[in-house]
Amino acid sequence: MREVAFSIPVMGTIRIEGDSLKITVSETTITMKLEPEEEVRRKLTLEPGRTLFDIVLEAASGLVEETGTNDFTAAELYHVAQAKYPELNIRRNSWGSHVISCAPNHPSYHHYTSRRRYFRYLGKGRYRLDDSLISSGAH
């Protein structure tokens, strides 16, 4: 079977009335029902009492426990969180800001009002989970 693309110039009008679309071509009218798009959740929503900082700490603790090493990047933590909570729609920039605001020795830490002391900044985008927060003996 062979297909050949073609076009036919047609003049007509399109009229939108409420939730319907009416197309009139010459003497022919086609009416189609427009289905509303699914509502896309744009804002991060967590259960009450939980914040993105809890997810950041959980991702870091899980990564340290899983890999046995206490040296990671914000991107690695982001991928761990995305895999565990794909429905959260976590924005990458917001994630990076939260990680920075968890490392008191990071040069940009002073720009953040919500500060935590979860990490130690090692330089070149690498972090270490504070020893007091490590449940196992991974270092």
Applied in sequence order to segment 109-121, the curve 6.51 cos²θ - 1.76 cosθ + 1.60 (Karplus, θ = phi - 60°) yields integer Hz couplings, x standing for Gly and Pro, of 3, 5, 7, 9, 8, 8, 10, 10, 10, 8, 10, 10, 7
Using Cβ counts within 10 Å as a stand-in for footprinting exposure, how do VAL4, VAL56, VAL99 rank, fewest first?
VAL4, VAL56, VAL99
Peptide ranges 118-125, 100-107 listed from the most packed, as the mean C-beta count within 10 angstrom indicates
100-107, 118-125
The answer for LEU21, listing residues at least 5 apart or on another chain whose modeled amide H is closer than 5 Å to its amide H, is MET32, LEU34
Counting alpha carbon pairs within less than 8 Å and at least 6 residues apart, what relative contact order, in whole percent, applies to segment 41-139?
31
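Values quoted throughout were computed directly from the atomic coordinates according to the rules given, and no laboratory measurement underlies them. Please read all numbers here as calculations on a predicted model, not as lab measurements. Every residue, glycine as well, gets a Cβ built from its backbone with ideal geometry; the counts of neighbours run over all protein chains shown.
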